[in-house]
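The values are calculated or read from the model by the stated rules, or taken from the named source; none is laboratory data. Computed from a predicted structure; not experimentally measured. Quick reminder, even Gly has a Cβ in these numbers, built from the backbone with ideal geometry, and neighbours come from all protein chains shown. The protein model used for the area step is the full one, side chains on, heavy atoms only, and it has no ligands, DNA or RNA in it. Shrake-Rupley method; radii C 1.70, N 1.55, O 1.52, S 1.80 Å.
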Amino acid sequence: MHVHIDDLVGMTGKELGTSDWFPVPQARIDTFADATDDHQWIHVDPEQAKNGPFGVPIAHGLLTLSLFIPMFTALLDVDGVKTKVNYGFNKVRFPAPVPAGSRLRLHARLTEAADVPGGGVQITVDGTIEIEEAPKPACVLQSVSRFYR
């Protein structure tokens, strides 16, 4: 969805839609492990993970959360903006693990939008990151972002 920053406040309650599927191969998990120094075997050792609780390596929860950004950006493109700021998260839960090789997608709804000092608009988005062919989502979150003119 392509909108202008001046239209955000009027979009409260609007469904933003569902992103395309986003792949999570083992190589992405390994790269995230290198970037964060989190090399727990459950993420990076396929042989040991076979005998673990999930039978395969799984993505880090924080990797899953970080993938919100590219999927969300694909859903909402805002014109009239000089900069965007990730202001934080009000809620984050990881109901199901993300097996290596899975595909994820985001379903999002803009739940709040308000002007903020400095010429910006703050939005709150409820998001659900789904795992293809899985009964439970990988992540349920509420994100807060600011867009500045």
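Amide H contacts under 5 Å for T111: G13, T124, V125, D126, restricted to partners 5 or more places along the chain or on a different chain, H placed in the peptide plane at 1.01 Å from N. Ligands, DNA and RNA left out, the accessible area of segment 1-54 computed with a 1.4 Å probe is 51% carbon and sulfur. Spatially, segment 106-123 and segment 35-103 are offset by 23 Å when compared through their Cα centroids.
Taking all Cα pairs closer than 8 Å and separated by 6 or more residues, the relative contact order of the chain comes to 31 percent.
Dipole magnitude for the chain: about 260 debye, using +1 per Lys or Arg Cβ and -1 per Asp or Glu Cβ, origin at the Cα centre. Fully extending the segment from V81 to E47, taken as 0.36 nm per residue of separation minus the present Cα-Cα distance, adds 7.6 nm. For segment 1-84, the pair-distance distribution built from all alpha carbon pairs, in bins 5 Å wide starting at 0, is 3, 12, 18, 16, 12, 11, 10, 8, 6, 3, 0 percent. Here the 3J(HN,Hα) profile of segment 36-53, calculated from phi with Karplus coefficients 6.51, -1.76 and 1.60 at θ = phi - 60°, is 10, 6, 10, 9, 4, 4, 4, 9, 10, 10, x, 5, 5, 5, 4, 9, x, x Hz, Gly and Pro shown as x. Heavy-atom accessible area for L63, with the other protein chains in place and a 1.4 Å probe, reaches approximately 10 Å².
Taken one residue at a time, the phi angles of segment 114-127 give Karplus couplings (6.51, -1.76, 1.60, θ = phi - 60°) of 8, 5, 10, x, x, x, x, 10, 9, 10, 10, 10, 8, x Hz. Gly and Pro are set to x.
For segment 23-33, backbone phi angles converted through the Karplus equation (6.51, -1.76, 1.60; θ = phi - 60°) give residue-by-residue couplings of x, 10, x, 4, 4, 5, 4, 5, 5, 5, 4 Hz, Gly and Pro being listed as x. Normalising the Debye intensity of the chain to I(0), with uniform scatterers on Cα atoms only, and taking log10 at q = 0.09, 0.20 Å⁻¹ returns -0.32, -1.14.
Taking every DSSP bridge with both residues inside the chain, close to 95 percent are antiparallel.
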